[in-house]
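These notes are about the structure you will find just below.
The values are calculated or read from the model by the stated rules, or taken from the named source; none is laboratory data. None of these values were measured; they are calculated from a predicted model. Here the Cβ positions follow ideal geometry from the backbone for every residue, glycine too, while neighbour counts run over all protein chains shown.
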């Protein structure tokens, strides 16, 4: 993985864990769900740098800050970022309302976001729209979830994974 102009470049074939809205809680089920991932993208509302440190025991982590993230530890964590996964240009942001461009006209193949706590996966005119849901504290009746993104050359597939959590 290399960095160019604040853009992260990754290999042509890569398995990526996608997580959001941990709010300071990293459930043990995350470690099993992310077994074998080579990179983790965190779409904000992290809840503290300890979450990043723990996730880094699984794989390198790229994160964006969320609306509930505060403190000096955020100094190096941007509000949004571009990530190149093989040939796929991904926009990573916490709040989808802060996407101030049309992803279909920006040469993006994917937009990853959080904030709503609701898992969401759809492809719209060739652009993958992915919200892994909330992997932290359960909100309302929403599932506790995350996602795994598989890049295999020209193919990019995502799978939402509901974590078997009782609380």
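Selection of segment 54-78 for residues being touching a helix residue (DSSP H, G or I) at 6+ places or on another chain (Cβ under 7 Å) and over 12 Å from residue 115 (Cβ atoms) yields 58, 61, 63, 73. Only residues that are surrounded by fewer than 15 Cβ atoms within 10 Å (Cβ to Cβ) and either within 11 Å of the chain's Cα centre (by Cα) or closer than 15 Å to residue 91 by Cβ (or both) were counted in segment 126-150, giving 1. Kindly indicate the residue of segment 89-107 that is touching a strand residue (DSSP E or B) at 6+ places or on another chain (Cβ under 8 Å) and surrounded by fewer than 20 Cβ atoms within 10 Å (Cβ to Cβ) and also farthest from residue 157 (Cα to Cα) among those meeting that condition. Out of the qualifying residues, it is 98.
Each row is one residue, and each column tells you yes or no for (1) in contact with a strand residue (DSSP E or B) (Cβ under 8 Å, 6 or more places away or on another chain); (2) under 19 Å from residue 139 (Cα atoms); (3) surrounded by 16 or more Cβ atoms within 10 Å (Cβ to Cβ).
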| site | (1), (2), (3) |
| --- | --- |
| 24 | no, yes, no |
| 42 | yes, yes, yes |
| 52 | yes, no, yes |
| 55 | yes, no, yes |
| 69 | no, yes, yes |
| 76 | no, no, no |
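When residue 153 is tested against (1) surrounded by fewer than 18 Cβ atoms within 10 Å (Cβ to Cβ); (2) at pLDDT 95 or above; (3) more than 13 Å from the chain's Cα centre (by Cα), just one condition goes unmet, and that condition is (2).
For residue 81, indicate whether it is closer than 28 Å to residue 27 by Cα and under 12 Å from the mean Cα position of the chain (by Cα). Yes; evaluated as a whole, the condition is true for this residue. Can you tell me which residues in segment 140-153 are assigned to a loop (DSSP other than H, G, I, E, B), over 19 Å from residue 15 (Cβ atoms) and touching a residue at least 12 places away in the same chain (Cβ under 8 Å)? Across segment 140-153, the qualifying residues are 140, 142, 143. Residue 156 satisfies every condition listed in (1) farther than 18 Å from residue 22 by Cβ; (2) in a strand (DSSP E or B); (3) free of Cβ contacts under 8 Å to residues at least 40 places away in the same chain except (3).
List the strands (runs of 3 or more DSSP E) that sit entirely inside segment 60-106 and contain at least 1 residues that are touching a residue at least 60 places away in the same chain (Cβ under 8 Å).
On the way: elements: 61-63, 80-85, 88-93.
Because the criterion is at least 1 residues that are touching a residue at least 60 places away in the same chain (Cβ under 8 Å), the strands (runs of 3 or more DSSP E) in segment 60-106 that meet it are 80-85, 88-93.
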